[in-house]
Amino acid sequence: MLTGDTDTAELALDLAFIETIRRMKARFQSELLAASQSTDPDVLLSLRQESFFQLAEFLFAMKTYGIDSPDKLDRFADLHNRYLLSIRDDRERMRRYGLTPERIDSALFTGDNLRKLLANFAGPAPSIDQSDLARFLVTVMSTETCRKLLLAAEKSGFVERTRSPFGAVLIVSLGTIEAIYGTVIREARRAAAAH
């Protein structure tokens, strides 16, 4: 129960922050749909999914952290592995994420998976195998959801998907998703700071 002016003022700030988040996500979707080269309703529905926002967050983080070489990606994969192992070691956390030890193990970058990840990123256009993107995103979406989102992103003109000689589907972001995400996040941060 709220008592006094301080609690009411805090609640007002909380509500203003929630509204900022809502506006940010709505603006992200609006900008994404406007930039899409596709008018297919199924594609546009995929772009409006919360999971697409999470994909955009991941791509933005990679760009922001300057992951632009195999060495940096190797360090990033190592952090990913450590994070997943910390979840696997905590049964309650694993339950909250809806993960199993087997799913965590399949999302780790080791041996051939790690070598493949780094080799794909070492090419003329640094790319990541679609299945490797799903490994990175294992705590927020399924492999199938990741695949569907990347298909929608390709149809929208946001990523290029190509087959490697070994049958892998390689993904290269064209930067639109990251630019839109960065703009709306920055606007939301400034709006929240103004309250």
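Centre-to-centre separation between the Cα atoms of the range 44-71 and those of the range 139-163: 11 Å. A compact globular protein would have a Cα radius of gyration near 2.2 N^0.38 Å; the ratio found for the range 21-64 is 1.16.
In this structure the range 67-195 gives 53 Å² per residue of accessible area when probed at 1.4 Å with all protein chains present. Viscosity 1.567 mPa s, temperature 4 °C: give me the Stokes-Einstein translational D for the range 28-132 in µm²/s, with Rh taken as the Kirkwood radius over C-alpha pairs. D, rounded to a whole number, is 81 µm²/s. Taking N as the residue count of the range 70-122, its C-alpha radius of gyration divided by 2.2 N^0.38 Å amounts to 1.23. Angle of helix 4-35 to the longest C-alpha principal axis of the chain, folded into 0 to 90 degrees and rounded to 10: 40°.
Here the chain has 54 percent of its accessible surface on carbon and sulfur atoms, given a 1.4 Å probe and all protein chains in place.
Distances over 17 Å make up what percent of all Cα-Cα pairs in the range 91-162?
Working: 1310 of 2556 pairs.
Across the range 91-162, Cα pairs with separations above 17 Å total 51 percent.
For the chain, which semi-axes, largest first and in whole Å, follow from the square roots of 5 times the eigenvalues of its Cα gyration tensor? Working shown, then result.
Details: eigenvalues 206, 106, 48 Å².
Over the Cα atoms of the chain, the ellipsoid semi-axes are 32, 23, 16 Å.
For the range 173-180, backbone phi angles converted through the Karplus equation (6.51, -1.76, 1.60; θ = phi - 60°) give residue-by-residue couplings of 6, 8, x, 5, 4, 5, 5, 5 Hz, Gly and Pro being listed as x. Among the chymotrypsin sites (Phe, Trp or Tyr not before Pro) within the range 40-98, those in coil by DSSP and having at most 12 neighbouring Cβ atoms inside 10 Å are Tyr65.
The values are calculated or read from the model by the stated rules, or taken from the named source; none is laboratory data. Values in this document were obtained by computation on a predicted structure and should not be read as measured data. Ideal geometry is used to build each Cβ from the backbone, glycine not excepted, and the neighbour counts take in all protein chains shown. Side chains included, ligands, DNA and RNA excluded: accessible areas come from the protein's heavy atoms. Shrake-Rupley method; radii C 1.70, N 1.55, O 1.52, S 1.80 Å.
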